[in-house]
1. Can you classify segment 156-199 as rounded, prolate or oblate using the Cα gyration tensor, where a ≥ b ≥ c are the square roots of its eigenvalues, rounded means a/c under 1.5, and otherwise it's prolate if a/b beats b/c and oblate if not?
2. Calculate what fraction, in whole %, of the accessible area of segment 813-852 sits on carbon and sulfur atoms when a 1.4 Å probe is rolled over the protein chains.
3. For segment 1307-1361, restrict the atom set to alpha-carbon positions and state the Rg and Dmax in Å.
4. Against the globular-protein guess of 2.2 N^0.38 Å, express the Cα radius of gyration of segment 530-688 as a ratio, rounded to two decimals.
5. Would you tally the net charge around Asn745, using a Cβ to Cβ cut-off of less than 13 Å, leaving Asn745 out, and scoring K and R as +1, D and E as -1?
6. Excluding Asn827 itself, calculate the net charge of residues whose Cβ lies under 10 Å from the Cβ of Asn827, where each Lys or Arg counts +1 and each Asp or Glu counts -1.
7. Using a Förster distance of 41 angstrom, determine the FRET efficiency expected from the C-beta separation of Val390 and Asp67, and round it to 0.05.
8. Only residues of segment 594-624 count here: report those whose backbone N is under 11 Å from the spot 7 Å along Cα→Cβ of Arg474, or say none.
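The values are calculated or read from the model by the stated rules, or taken from the named source; none is laboratory data. As the structure is a prediction and not an experimental result, all values here were calculated from the model. Using ideal geometry, Cβ is built from the backbone for each residue, glycine included, and neighbour counts are taken over all protein chains shown. Each accessible area value is taken on the protein alone, full model and side chains, heavy atoms only, with ligands, DNA and RNA left out. Shrake-Rupley method; radii C 1.70, N 1.55, O 1.52, S 1.80 Å.
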Amino acid sequence: MFENAENVDASHSTFSEVHRDQYNTVNTSIHGSQNIHAIVHGNQIFQVSSTSLQALHKATANSAAFDSAERHPAPACLPGTRKEILGCIYNWIDHDNSHPICWLSGMAGSGKSAIAQSVAEHYARQKRLAASFFFSRRESERCNTRHFFPTLASQIMAYIPSTRPTIIDILDDDFTTPTKVLREQMHKLLLAPLRAVKTQFTYPVLMVIDSLDECDNERHVVELISLLSQLTCECPFALRVLITSRAESHIRAKFRDPEVLRNTYLLELQAFDAEEDIKAFLRHSFGIIHDQNQNLMGNVSLPWPSELDLAAIVKKASGLFIFAVTVVKYVGASYRDPLKRLQVTLADHAFDTAGSAFADLDILYHNAIRVLPDSDAARLVLGIIRYIYVPLSTHGLNSLLGRLDVNVGLIVPDLSSVLLVSEDEFLPVRIYHTSFREFLTTPQRAKKYFVDGTVYHRLIAQLCLELMTKHLKRDMCHIGDPSMLNSEVEDLPGRCSRYLNEAVRYACCYWAYHLVQIPHEEVTMNESIISTLQGFLRTSLLYWTEAVSLLGTLDSAVMMLRDVTGWLKQLSTPPKDAMNLLKDAERMVLMSFDPISRSALHVYYTALAFTPSSALLRKVFQQELAGGMVVRRGLQDEWDACTRSVPLNSFIQSIAFSQDGRLIASASNEEGVQLWDAVTGINVADLGPKEKPSCAVCFSPSGAHIAIACETGLVVVWDSFTTQVIISDGDHHDKPVTSLAFSANSEILASASRDNWIQLWDVGLGCAVCRQGSEGRILSLAFSYDSRILVSGSDDKLVITWSMEALTLLRKLIGHSAQVNCVAFSNNNALIASGSDDKSVRIWDSRTGVCLRTYSGGHEQSVKSVRFTSDDQRVISICDKIIGYSTISKQKSFEYIWSSDRFTREEMGHYPLWYAKFFKLMTPRVIGRLSDGPVTPIYFGFSPGSDSFAFGSDDAVIRVTSLDSISTAPPAFTRDGIASVAMSRDCTRISSATYSGALQIWDPELALKNWDQFTNSMKATATTYVVPSPDGRYHLVMQSFELLLMNTHGTIIKTLESRPIAISMEDETNTIFSPDSNTFAFWTAELRSLYTSSSVRIYDSATGHRIARLAGIRDITRVAFSADGTRVACGHGEGAIEIWEVSSGRSMISLSSQSTPISSIAFSPDTSTIVCGTAGGHTQLWDTHTGQLRAALEKCGSRVKSVSFSPEGSHVVVGHEDGSILLWNPVSAASHLLTSIGTIPSDIDVLVYTDDGTTVTCRSTDGSVTIWAVPKQLGVQLFDNEGQKGDMCEMCCDRVDTGPMNHHLISRSTKRNVYDCLFRSGYLVRDDGWVYHGTRRLLWLPDNFRPLNPTSLSAYEAKLWILAQGERLVILDFRGLLGNHFKIDPRQGKSLRDAMRSSL
């Protein structure tokens, strides 16, 4: 037929070949560009009837084809856009042989049709497009399936002419086939003709079906998908079908059907970023608009719009091309001003639908919602979905609504054109496009579908509060065991999902968000929300705290409580009880944040248990304390000022608040610069560098940057929002940086170093800009408030001003006689203040350099800081003992704000009893001289923009709000010495860092207001020591200078002493019980004869009755009872020991040791001997009857700190200050080293044998505890009583130097763990605050309830006695937790080892 033919194009043509007598009848009414060529050979006949073709043509929707005239110009992808998604589709068509169908799903207006058009055009050019059908709701012939298969058949017949005879035959047999059911149509019009094709295709051919969701019959759509799947499977060649649609539930469900799914390649359009493509489309389209409106835009230069405006439109589009297209149509409308219309588009408000840029989009949205017959139900569900903070599933929405008459599961599937809806009812329902959210909230656009934010926030808040009140309860996840951490609970997320449904979880996390969105005037008109809130707070607030712990959102819970409190404050009549409950809950969570975040049940077992007695929260939820720990003594009445204490365990050198008060920056050697949430204390970021800082960390005035400098000369600046490093330069300074200062405009950072150089850094560019040398070391820097002048103070006594233009020197201000430590500009830039080692403050004219004022005589030490008040009328100056101010208008003026001497007198004058009277007789200077130690530095933090500041001295934090009344303000005490202080700009928070490495956050409003409050608080504290009896039945408590004898319940048996006493400086306690606990001794020096004699008083433990008074003893250093309690030995500072008989009070014998003080004493179990250790390092064994020296160990090390006999009395264990432990057999003169210098980090405090004598427990003064095995044989004989003692000492020292036999070490604890001081119980307070009994976790102690030192913890049965921070006695009763069967293990040491195992 085509012999010798070249370059034949047979596309879109039909060829028939007939031989001999055959004839061909052709109906020429074939549409399109198809050509029919007929060649007849022989007597075969091929005939096309007009009836069959007319039937097919009638059923065909010509407008559905990709290239139909009706769709021209069809939307297609702009060249160069949508590359990624098109690439995926092209790759699927050409290479994926396992998935003949591709379903591209996407939201309305996301560009699916444009992609389908581009794909169709691409493969049509390659002659590989078999057919296409573009559904549309707007056209009757394209909104249903009636024309679907006939249209495809017509196109297939044109693309593959060999299908024509089969199609014609079928239509001739039954020309009504195009009206049959879909299955019949597919089989006869497509599958049968395709099966008859004999042509072999070497490449896949394509069908494109677009917008299948716009077909108006869901059942037909589902059937269509099945039929197309069958078609692709049974087609004899590679047929690909691309289907695009929205993710409607019925379509999604069908594609999830296994029979269909295995043939389908799924693509989700939202998974591909369209922003750059939309931007390109808009840029292209706006360029055309610009060209078409030259008469209006001739003066507008390209590119138009600006990049900023273009980005705003792209952002509004949120990935939907329909929005971009609508905007282009609106802006480019004929006879309209594009510039004005662009501004309307960019504006945040919307206009009436008919004349706005959103008209087309609004029509689309109205049509999408109108499918629901119940508009009220639709609006309700859409309102909830619009205003909830995070999407909920249909199941969650139903639970939140709690209404039987509204079933979300029946509503949202019909809204899937505007919502992301899953067939799984437990997957979230989302609004896909932000324009739909705006549509719903704009009454002019949404009309009857408008959803009012005020109404729906109130509704959702009400629903949340009611839901939580109904469902929340104690231990809602059935954990049961309070010793378990959240991380230890098996499948906690699964439990939360099972016991806290999705709606309850949402309510717990977002009720406060919705509540605070309600305008206050709305609350006034409708107070039901307040009533519901109060009901929730009184019934479920504590359970909610447990829930947010389980959900892991405790940090946000703090802010929720704070936000609601602030919202309530704005009401005309705030509900007092609700406010108090919220404040209590916030404080409780902050106080116990660590345990609650780790173990939800400790809301009850820890947090509520330690909540102050006057707190309303405690009173309301009192019933929840049943079965838990009870604070028998020491519970605070009110919340203290420290809201949060974060243990960091590394020394913090400086801290600073961000400008907005939300962050705290800290700088330490080990961790570098860290950022902390200023409310919760949560670590926000670790910035580094881990080098030793050489000056304080600081924020720029704008708050945008953080700077630090190090000993190495390194200067680092970070962006405080992104934490990105802006500057990190160690090349411009080769010595420690001494000062950093930001300019007032935050553009420049100045650094000064010991290398005598000042360096300026451009923060914006992130680089060094210029530097200048100085003759002296620069110690301080400050910028003027106009950022034009820099002032420096240096060790060459000079104050120098520098111009910021090239950092040129302006003036040298000469006047100080010592180095200048600090400089500051006045707020009006007219004055400069400087402070010096010469103890003076000078005021200079910044323009002329003339010294205007010199204030000297007010400070006793170097002035370390100066600052002008906000009105520039006064200058505040600080040294380590005095804070004062000078009035600039006065020649000689210095007023005290605070001084350590005056403060001490004020403080001591408010102590109870006549101690106060005694101190009030003294002048401040006399009191200041009582201490021979170094002056405690003052650390201060100013609030920028105000005259308020805070400072710390020793362990006190003090706030200054007025320069006139601070001298009478009492302090807030911390656990440790203050190392740094900062104050927020709004003065609502103070932060301090302690020497032990704790970061503390204070609420100034909760600080003590007057000294009467201070006195009352001291009555409950001021506990010097707590001494337990060996059996735990009695305790001696020195409190407020009164010696109290208490029973195990904390009840006072008797007040024994009530007057000022001088306790022994060698020991923190001056009381001791007899081993049988029946008696105790108390010794002291009378204040009136402090340097003469002392007395020892013996009391009966049961009654507090005094048995004897042992008088005339000089300088008591140690006291010990015999095992049977009949004798008392007293060690003297002069090296003597005196033994007394308890019953008669007579002296039995005096032993003369050496001239060095006695540092330790112990009786043998049978009382026949006594061993003593001296400050000189000697150990001696004496006969208590004869007074003879039986054995001695000459100086074997440093001071002897502890001696103890083994249970059978044959051996002595000796502990030295240097950490060495020696086992000694006085009879055989043999000894053995358990350890030596360096093995134990600090000097030994206590050595105790276990009852079986197999181990020795050692506690050091730093709190570390070690357990050592006692060897069966003492080994080498080091000492011989009859030998040469000097040589023996030498041997011992050599032995110590050679190192210990550390294989005797059984276990070692951390120095921060605190055990029972008598080692008789398994109680342990770990360094993280958790209390253990053996290996069981009991509860967590807030910072101010933890033991003050390693000896501050004792136990008896289920009670724990703690001398806590602030010198407060705390008694905890664990019977509710441990039950009534709790007993102390009688084997001393076993319980301790159990406790140590838990700590390890």
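1. It is prolate, given that a/c is not under 1.5 and a/b is the larger ratio.
2. Details: 680 of 1390 Å².
Percent of accessible area from carbon and sulfur atoms in segment 813-852: 49.
3. 10.1, 29
4. Here the Cα radius of gyration is 1.13 times the empirical estimate.
5. Result for the local shell: -2.
6. Working: positive: none; negative: Asp871, Asp872.
Result for the neighbourhood of Asn827: -2.
7. After rounding to 0.05, the efficiency reads 0.35.
8. 604-605, 621-624
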